[in-house]
Amino acid sequence: MSRLESFLFAIVFLFAAGFFLRNVYRYFAMLCLGRWENRFDLLWSRFKGMILYAFIQLRVVSEKFGINHFVLSWGFMVLLLINFQFIVAGIFPRFSFEFLGHVPYGILLFLADIMSLAVLISVVVAVIRRIFFRPPHIEATFEAFFILSLVAFLMAAYFGLHAAEIQLGDDTMKAWVPLSLGLSSLFTGVDSDTTHLLSRCFWWIHAIILLFFLNYLPYSKHLHILTAIPNCFFRSFSFVNTLPRMTFRKGLTFGVSKIVQFSWKDLLDFFSCTECGRCQAACPANNTGKELNPRILIHQGKMNLLKNGRAILSSRPADTLAAAPDDAAMVVPLINHQKEESISTEAIWECTTCGACMEKCPVFIEHVPKLLWMRRHLVMEKASFPGELINFFENSEQRFNPWGIALSERTKWAQGLDIKILSEGMKVDYLFFVGCAGAFDSRNRQVAVAVSHILNAANLSWGILGTEEKCCGDSQRRLGNEYVFDQLARSNVELIRKYNTKKIVTHCPHCFNVLKNDYRQFGADFEVIHHTQLISDLLKKGIITLKAKADGKTVIHDSCYLGRYNGIYHEPREILKVASGGNPPLEMKRRENKSFCCGAGGGRMWMEEKVGKRIYLERTQEALQTNPSTIAVACPYCLTMFEDGVKDEKAQETVKVKDIAEIISELIA
């Protein structure tokens, strides 16, 4: 390389590096606009998680074509060293990694040669997939093909450069790069001056593409190359199954109405989306023709942050890194029906909070909490929510249950049964938290009776709160009415403490999740057990035995709040296996952590589906494809939804929907 070339490249590189670092700083400054959140605990565990999910890419390779992305990313990681040498040698021509030793340097060259081919093949596979086998959640955008083309030309320039250098007599290169050596035959018969000119052309093509790609990253979806690694580092260690408790004080804002009211980790989420579409493919709302698309939601958040972030940063000193004040003016609103960079209220209310998007995301973006923060704003500051929730909120606040039924009716289901009530001075080991569905819904009262039968058959010491019990508050919290939830939670925790009960059994996964996870914020220290966990344990220990075997074929449905939110998959299946005499239950295609929502979570139980296909119908049809005689559930909401679905499909004569407790109760009768 001539001195003139080195000088020109040095100028180009310094300009490109400066522009890149300026953009990185601006993005970091935008992250600092968000509210503080502590994600700096357990650093060693975070580091290990980053290795597993950002570098080994466990979630990426678990899906079809994930290995292709793995090869692409690792190809670039291996090529980083070679490209580092390439850039430094462009400014200081004598620089080389040969000082490492002949063999180590040769191995590096060999790996770079092989990985360059692997990257090129991966690009071809990606292009073919997008043209001929493109799944619905993958967009065949110009940007995608442009990036793939850049990568292809980068690899082509790499091979062209090395092939020309081998032809010019580079013996070190010849000994270690078999692919480039094979391509060097293309220069046979070409004079050395022309070959040298071609090598310099390939060198500059490689340099320009490399530096252009570096600076194009912050303006493209491939920004995740920079942000996905820290996002995996700062991930939540468990599935996000609760929300922060709110403080009610005059002058505070409730919820999120501006992009900068999210935490810095939320803002990093917006920048980290790979736009792979896996969340979109898993989302029940999107699958049934509704507006909500979790991939688009995160993209809209990103665009909103870029617009507003640039405006805020331009109005403050360049060296200021601080959170934006609550009264910061926004160029583009976060919640709006008409703006491309805004999120619509329809999308916000269509979420079932099933968490499938978060389960699928390869970089651990937390979609659901963002939607719930915006719901909090709409409900508590704007009083803007679907009309069918008016009665729900009023009933919850005034009569402490969604139906608005008098508290005196809460124990009607237990009439004629030998059930202890704690308010009557009874001391028990287990508290059966019946929940509103078990107490007031006629169909789910049968489940409450079945659970009672099992508890009595096991000779356990147990009782209920009776008329003192109030709604757990799950739907209220997930719908954004944190004030009512706060009242219900404080009341229930105080009541349970009053009776000094340490073990609580629920048959509703929503009650289970709230009591186990949300109530911790209110000082709850009791053990919460879902009825499937208890029944499985009783069967395993032989405390209860079955006198008969279940008839017919049973298909199991995984409740989102039991499965994804709390990891309970094994126990329901073990119960059904015992009930059938050793045969495992039938499985739907989407099961366990890939289960498809019934459509009732996140408060959707109390709202109508007015757009697209009904989610419960989609799931019911999937269950009926297994030709079952029974659909087994472990959630009152799922029970309601599947019964509606079976009726819609006119299959109620041949298919029954039962809670797992009902199946076991019948067999121990």
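Take the conditions surrounded by 18 or more Cβ atoms within 10 Å (Cβ to Cβ), more than 30 Å from the chain's Cα centre (by Cα) and either over 30 Å from Ala282 (Cβ atoms) or in contact (Cβ under 8 Å) with a residue 24 or more places away in the chain (or both) and apply them to Ala126. Does it pass? No, not satisfied.
Pairing residues of the range 518-538 that are free of Cβ contacts under 8 Å to residues at least 60 places away in the same chain and in the same structural domain as Tyr565 (by TED's automatic domain parsing) with residues that are of a type in the set (Gly, Ala, Ser) and part of a helix (DSSP H, G or I), at Cβ distances under 9 Å and at least 6 apart in sequence or on separate chains, gives Tyr519/Ala489; Ala524/Ala489. Applying the selection to the range 27-69, what residues are hydroxyl-bearing (Ser, Thr, Tyr) and surrounded by 16 or more Cβ atoms within 10 Å (Cβ to Cβ)? Hits for the range 27-69 are Tyr27, Tyr53. In the set Gln300, Gln280, only one residue is more than 15 Å from the chain's Cα centre (by Cα) and in a helix (DSSP H, G or I); that residue is Gln300. State which residue is nearest to Glu574 (Cα to Cα) when the search covers only the range 615-654 and only residues that are surrounded by fewer than 21 Cβ atoms within 10 Å (Cβ to Cβ) and among the aliphatic types (A, V, I, L, M). This residue is Leu624. What residue, of Leu546, Leu576, is part of a helix (DSSP H, G or I) and among the hydrophobic types (A, V, I, L, M, F, W, C)? Criteria check complete, one pass: Leu576. Scanning the range 61-101 for residues that are more than 20 Å from Ser116 (Cβ to Cβ) and within 29 Å of the chain's Cα centre (by Cα) yields Val61, Ser62, Glu63, Lys64, Phe65, Gly66. Would you say Leu211 is in a loop (DSSP other than H, G, I, E, B), crowded, with 18+ Cβ neighbours inside 10 Å and not assigned by TED's automatic domain parsing to the domain that holds Met358? When the stated conditions are applied, Leu211 does not pass them. Asn308 fails exactly one of the following numbered conditions: (1) farther than 21 Å from Leu372 by Cα; (2) surrounded by fewer than 20 Cβ atoms within 10 Å (Cβ to Cβ); (3) assigned by TED's automatic domain parsing to the domain that holds Cys351. What is the number of that condition? Condition not satisfied by Asn308: (2).
May I ask you to verify whether Ser257 is surrounded by 15 or more Cβ atoms within 10 Å (Cβ to Cβ), in contact with a Gly (Cβ under 7 Å, 6 or more places away or on another chain) and not basic (Lys, Arg)? Answer is no for this residue.
Is there a residue being of a type in the set (Val, Ile, Thr) and in contact (Cβ under 8 Å) with a residue 24 or more places away in the chain anywhere in the range 32-52? There is no residue in the range 32-52 that is of a type in the set (Val, Ile, Thr) and in contact (Cβ under 8 Å) with a residue 24 or more places away in the chain. The sole residue among Phe270, Phe239 that is in contact (Cβ under 8 Å) with a residue 24 or more places away in the chain and assigned to a loop (DSSP other than H, G, I, E, B) is Phe239. Flag: Leu313 matches the condition of being in a helix (DSSP H, G or I) and surrounded by fewer than 20 Cβ atoms within 10 Å (Cβ to Cβ). The condition (being on the phi > 0 side of the Ramachandran plot and surrounded by fewer than 17 Cβ atoms within 10 Å (Cβ to Cβ)) is satisfied by just one residue among Gly182, Gly189: Gly189.
The values are calculated or read from the model by the stated rules, or taken from the named source; none is laboratory data. For clarity, every value in this text was computed on a predicted model and none was experimentally measured. With ideal geometry, Cβ positions are generated from the backbone for all residues, glycine too; neighbour counts draw on all protein chains shown.
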